[in-house]
């Protein structure tokens, strides 16, 4: 029944389109003063099409390079800060051991973050428009972002437990690097989630991605 109604309305719309298009065609052919441009002047040449495609590809590649450079910059900043924390010496009554535990956990997390970012970037724009961004990678990055925030809070707490200026400087640099990385992750997650797609909702509903 539903299919019959759908076909009926489709035929009505098609017939209406033909009726409305007929007078327009007659009016266009009847005027003696109207000049018709040759099709060759309206159709872009092969070089023009190629240049347009190349320009679009260059724009997409440039945006991707900028995003990738920002992610690498924030990740490198965290990695450098983590190595400094891992090398923090022990002092009598110091916080070196506690800092190294946090730093080691962050060092392990960096590999996970890097892998999920690569997974997210590996999906082509065509596939993203069709089924959306990689939802599993997005969820994994959200989890790592949360763990980053917890380690930031732990480092901020350790700042209150030391008077050593060298330790304070190293921890502050690590906190700043983690905050910068979390900001970059948040932007990447928002960008990926806002990408429109045709069937992304269906894939998420059935847990297919």
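All of the numbers you see were taken from the coordinates with simple rules; none came from a lab. Predicted model, so just to flag it, every value in this text is computed and none were measured. Backbone-built Cβ (ideal geometry, glycine too); neighbour counts: all protein chains shown.
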Give me the distance in nm between label points sitting 7 Å out from Cα along the Cα-to-Cβ direction at residue 110 and residue 169, one decimal.
2.0 nm
If every alpha-carbon in the range 86-164 counts as one equal scatterer, what log10 I(q)/I(0) does Debye give at q = 0.17, 0.18, 0.23, 0.25 1/Å?
-0.73, -0.78, -1.02, -1.12
Evaluate the distance, in nm, between pseudo-label points positioned 7 Å from the Cα of residue 136 and of residue 156 along their respective Cα→Cβ axes.
3.4 nm
Starting with the fewest neighbours, write out 163, 142, 118 ranked by other beta-carbon atoms found within 10 Å of each beta-carbon.
163, 118, 142
